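Taking it in order: structure first as structure tokens, then the write-up.
The values are calculated or read from the model by the stated rules, or taken from the named source; none is laboratory data. Remember, it's a predicted structure, so these values are computed and weren't measured experimentally. Every residue, glycine as well, gets a Cβ built from its backbone with ideal geometry; the counts of neighbours run over all protein chains shown.
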Amino acid sequence: MVRAYYRILTFTILGACLIPLIVITCSRKSFTDDPYTNQILVMPAIILACAFALAYYALRRTRGNMEVLSEQQAQFLDRLPEKWVDLAIAASACLSILLELSVIRWQSSEFTVFSFYKNFSLLACFGGLGLGYALAGRRRIPLILAIPVFAIQDLVFKAVNRFAHGSLLVSLQATPVSEQYNMGLYAARNQFQFAAIYPFLIVVFVLTALAFLPVGQVCGRLMRRRESLHAYGLNLLGSIVGVLLTLCLSALWLPPVVWFAFCWAVILGLAAFSGRSLLLTAECALIALILLVWPSFFPLDRIYSPYQLIERGQDKSGYMEIRAAGLYYQRVFDLSTSNANRKTNERLKTAANYYELPYRVSGHPATVAVVGSGAGNDVAAALRCGVQQVDAIEIDPAIFALGDAYHPEQPYSDPRVRVWINDARTYLRNTDNTYDAIVYGLLDSHTLLSHASSVRIDSFVYTVEGFREARARLKDGGIISVSFAIMTEEIGRKIYLMLREAFDGVSPACVQAEYDTSMIFIAGKNRKVEISKDLLRETGFTDCSSQYAFLPYYPALSTDDWPFFYMPNRVFPASALGLLALAVVVFTLLTVAFSTGRPSPSHIPFFFLGAGFMLVETKGITELGLTFGNTWRVIGIVITGVLLMAYLANQTVAGLRIRRPFLPFLLLLASLGFGYGVARWGGLPSTALGRLAALVVLTCPMYFSGLVFSTLLRRSEDIGGVMALNLVGAMIGGLLEYNSMYFGFRFLYLLALGLYLAALVSYLRFRAAKT
């Protein structure tokens, strides 16, 4: 076990050292006579090679000791006093989910590509935990190696981010799913570019899985000491505590060093079977925490908001500039009339015209809602144009706080401004206020809504239903202004058609602004908006309304069922198949390397249950977020609720002593069919009663799925094997979620129905074979 672990880790370290050379080769870069260029190309390889040579040397020298300590770790868990076993099971489960959520957030903050594809990180975590549960009965548990493996992964990120330049870093930041546009993120377009990013993803996947493997072993080993149903209930309780702890850490904007400090503390407690083990684990934890504290970029202030990593710096003018997920996001301007440079500086004049255009078109509006107010530029423009009341809606409290503290015009301090830290859809749906103008800022999200789906934070803002709800909050004759940095004409045409659909066929005005390639789309309620020639002449902007009316593009409109605004059309992401196949192949190779053996036929239903539950959870998180608000609090509460439903189902089976799964299966399939029917025929109204009904419709399948799982678990004596195959099924469910990018989220109901039917059939076949 430990030897295989070391062997895989050795090959992974070697792969990490070769990443720069692979990227250089795939990018078709060659050495030149320029010493500086040669240094740029070679430096990351040298740094990685030196760092990992030391790591490899240390690992080789300590392998014998690690084998002894790993064996003692397993013996410690087997001999743990009975009074501490329940607490240890809950603590290990808390560690699993806290570490999982921390790793997903940390990877997305350290490397931009993981902000757009958090589910890849989730697959790696599930893969490692699943392997760990499958290997729970082995003689050795190398828990002491979990922290060093995380430190090695941190070295990979730090070395690449700190020393990589130019095409090398760009290639490693390329998106592996090219069908979806990303704001500021380079898209891989050919086989060479895909070949550059994939080796990096392989290294990260393996390191993540190896770190989680001993954690899964600990959980499985402890759960074997209790009856399966009781052990699973304790596991769920610990997971609930882990999610709640993550919510608390997010609410306080604490950095990764604090997240992982809690995780390392639990590992220290589990490794306290000898002074030697405790000392070595503490030393590794200290080194890992120091690496986490060490920044990749020194000039930037880093703030870990509940959504993403926010970095604050300065532009050439000395004003604040914000980066999100490692990419440029926002900058502030001093466009006040007291700033003499506004009249002479062409950049400032263009920016002022851009931000003030909606208010000048609207004709001096009295009440305005700014959707995505950010650091305050749109709010400041509204105040300069004489707006009497501004409702500023911003979802990220960290970005608002930066604007409140550092915007030179101090718009958030003005008594005419009311700030709402909320999701835009939720605010517009629930408010009773009406406005002369609703202005959409640049809501180009750089992160996903949750780790379980491909939906971004702003996805449900840019849907036809979202624009209709905004239109309902306009006064007669009011306008909606949507600004967006147009990457392609397809995206611009998509916004144009969505606004036309939301405003009953009345086409919006389209203005090409000479600011960050932005296009401004303006639609009016019960009137057609026309941009005067005098205003266009004064600003230097171009009216592109006729151009967008006849563009030869017919993109799929984003809806609440298919909210993929950054995809021009419904196409199955073929490039995602490579990413998904990569995860499956690497996980298969890891399984073979550790010789986990064949699963028992009695465990096959748990595979399908895991895949189905992942789809139901993804659907639930997406729909409940849309119903109650796509904020981090709501998503966290929903995840907690999913675990709570599973725990209630576990207690129901234990209390009522349910032994046959047929009725739970019937209720589960009926609830999924009913949910699909509700979604197919337009969903539920957004009233209080409708939201309550949506909560019941979306959570019932989770509860009934928990009943099925716990009922079948009651018959099993190998809980480690059950949990392993269930997590592998969850991995497959995470892969199947990509079907929503073509078929929409309603289709996930049908996929889940098929998977749960497969679980029922496999259970019946095993039962028939047994009898």
inquiry  = Of everything in segment 552-578, what is buried (at least 16 other Cβ atoms within 10 Å of the Cβ) and either more than 20 Å from Arg456 (Cα to Cα) or aromatic (Phe, Trp, Tyr) (or both)? Give them in sequence order.
reply    = Tyr553, Trp562, Phe564, Phe565, Tyr566, Gly578
task = Take the residues in segment 126-139 that are closer than 13 Å to Leu590 by Cβ and part of a helix (DSSP H, G or I), then tell me which one is nearest to the chain's Cα centre (by Cα).
result = Phe126
query = Name the pairs: first residue in segment 278-295 and assigned by TED's automatic domain parsing to the domain that holds Phe157, second residue at pLDDT 90 or above and surrounded by fewer than 18 Cβ atoms within 10 Å (Cβ to Cβ), Cβ to Cβ under 6 Å, at least 6 apart or on different chains?
reply = Thr281/Leu268; Leu289/Val257; Leu292/Val257; Val293/Val257
ask   = Before we move on, is Ala437 among the hydrophobic types (A, V, I, L, M, F, W, C) and out of contact with any helix residue (DSSP H, G or I) (no Cβ under 7 Å at 6 or more places or on another chain)?
value = no
task = Filter segment 318-365 down to residues that are part of a strand (DSSP E or B), without any contact (Cβ under 8 Å) to a residue 12 or more places away in the chain and either out of contact with any strand residue (DSSP E or B) (no Cβ under 7 Å at 6 or more places or on another chain) or surrounded by fewer than 16 Cβ atoms within 10 Å (Cβ to Cβ) (or both), then give me how many there are.
result = 0
ask   = How about segment 102-125: which of its residues are assigned to a helix (DSSP H, G or I) and either of a type in the set (Phe, Trp, Tyr) or more than 13 Å from the chain's Cα centre (by Cα) (or both)?
value = Trp106, Glu110, Phe114, Phe116, Phe120, Ala124, Cys125
key: Count - residues of segment 432-456 that are hydroxyl-bearing (Ser, Thr, Tyr) and at pLDDT below 90   = 5
request  = Determine if segment 206-221 includes at least one residue that is at pLDDT 90 or above and either more than 25 Å from Leu727 (Cα to Cα) or charged (D, E, K, R) (or both).
outcome  = yes
query = Taking the condition within 29 Å of the chain's Cα centre (by Cα), under 21 Å from Tyr566 (Cβ atoms) and either in contact (Cβ under 8 Å) with a residue 24 or more places away in the chain or crowded, with 24+ Cβ neighbours inside 10 Å (or both), does Val455 pass?
reply = yes
key: Matching entry among Val678, Val642 (being under 30 Å from Asp432 (Cα atoms) and assigned to a helix (DSSP H, G or I))   = Val678
key: Cross-chain or 6+ apart pairs with Cβ under 6 Å, segment 539-567 first and more than 29 Å from Thr622 (Cα to Cα), then modelled with pLDDT under 90 and among the small types (Gly, Ala, Ser)   = Phe541/Ala513
Filter result for Phe52 (assigned to a loop (DSSP other than H, G, I, E, B) and modelled with pLDDT under 75) = no
task = Inspect segment 579-587 for any residue being modelled with pLDDT under 90, in a helix (DSSP H, G or I) and either exposed (fewer than 13 other Cβ atoms within 10 Å of the Cβ) or of a type in the set (Asp, Glu) (or both) and give the result as yes or no.
result = yes
Within segment 679-712, tally of residues that are of a type outside the set (Ser, Thr, Tyr) and surrounded by fewer than 18 Cβ atoms within 10 Å (Cβ to Cβ) = 11
Tabulated pairs, segment 92-105, first on the phi > 0 side of the Ramachandran plot and modelled with pLDDT of 95 or more, second buried (at least 24 other Cβ atoms within 10 Å of the Cβ) and assigned to a helix (DSSP H, G or I), C-beta under 9 angstrom, 6+ apart or interchain = none
ask   = On the given criteria, is Ser109 in contact with a strand residue (DSSP E or B) (Cβ under 6 Å, 6 or more places away or on another chain) and either under 21 Å from Leu155 (Cβ atoms) or not charged (D, E, K, R) (or both)?
value = yes
Residue identified as assigned by TED's automatic domain parsing to the domain that holds Arg633, in contact (Cβ under 8 Å) with a residue 24 or more places away in the chain and in contact with a Phe, Trp or Tyr (Cβ under 8 Å, 6 or more places away or on another chain) among Gly242, Gly269, Gly220 = Gly220
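Let's see how each residue does on (1) closer than 23 Å to Gln512 by Cβ; (2) hydrophobic (A, V, I, L, M, F, W, C); (3) at pLDDT below 90:
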{"residue": "Phe298", "(1), (2), (3)": "no, yes, yes"}
{"residue": "Asp301", "(1), (2), (3)": "no, no, yes"}
{"residue": "Ser317", "(1), (2), (3)": "no, no, yes"}
{"residue": "Asp334", "(1), (2), (3)": "no, no, no"}
{"residue": "Asn353", "(1), (2), (3)": "yes, no, no"}
{"residue": "His364", "(1), (2), (3)": "no, no, yes"}
{"residue": "Gly372", "(1), (2), (3)": "yes, no, no"}
{"residue": "Val379", "(1), (2), (3)": "no, yes, no"}
{"residue": "Ala382", "(1), (2), (3)": "yes, yes, no"}
task = Pick out the one residue from Ser671, Ser740, Ser716 that is more than 24 Å from the chain's Cα centre (by Cα) and either surrounded by 21 or more Cβ atoms within 10 Å (Cβ to Cβ) or aromatic (Phe, Trp, Tyr) (or both).
result = Ser671
request  = Confirm whether Leu448 is of a type outside the set (D, E, K, R) and surrounded by fewer than 23 Cβ atoms within 10 Å (Cβ to Cβ).
outcome  = no
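Yes/no matrix, rows are residues, columns are (1) assigned to a helix (DSSP H, G or I); (2) at pLDDT below 85:
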{"residue": "Ile141", "(1), (2)": "no, no"}
{"residue": "Ala151", "(1), (2)": "yes, no"}
{"residue": "Asp154", "(1), (2)": "yes, no"}
{"residue": "Lys158", "(1), (2)": "yes, yes"}
{"residue": "Asn161", "(1), (2)": "yes, yes"}
{"residue": "Leu168", "(1), (2)": "yes, yes"}
{"residue": "Ser171", "(1), (2)": "yes, yes"}
{"residue": "Ser178", "(1), (2)": "no, yes"}
{"residue": "Asn182", "(1), (2)": "no, yes"}
